[in-house]
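Here the structure comes first, spelled out in structure tokens, and everything after it is commentary.
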Amino acid sequence: MAQYDGKIDRNMRVLISILNHYLNIRTYASCGGHIKRSGRVNPTPKDEFYVSFVLPSNYPEGVDENILLIIREAIRLYDGKVFFENDNETYNFPIKDGCCSWTISGHDVTPINFASTLFSKYLSAKRNR
């Protein structure tokens, strides 16, 4: 899992933490949106965000689908403002070391609001097991 290195955008830290520590996902890139985008790697405009991560293929059967279901259920509540893409299918990223790359992106939604919804869906799924 990604460790905080002081370079995670402040408004992305809660979302990254939920993905890494609760959903056991390895995030590798993110941006919380910036007015000034020069000098940044893959920046997004101010009212947009994204986080990319990989899911290892060594999860026990069904675990990765449960994680994807939790994410999809949280995204459904944002009516076209948050998107979820399999980078391997959308951008033809290679499957490397048995891992698939995914990206959650949003516009006109704060990462903290989405993080709150995602955590709520995670807790609901955990209670229902």
With 31 Å as the limit, write out which pairs from Lys96/Lys121; Lys46/Lys121; Lys36/Lys126 have Cα-Cα distances beyond it, or answer none.
-> Lys36/Lys126
By the scheme Lys and Arg +1, Asp and Glu -1, what is the net charge of all other residues having a beta-carbon under 13 Å from that of Leu19?
-> +3
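All of the numbers you see were taken from the coordinates with simple rules; none came from a lab. All values reported here derive from a predicted model rather than from experimental measurement. A quick note on method: Cβ atoms are made from the backbone with ideal geometry, for glycine too, and the neighbour counts reach across all protein chains shown.
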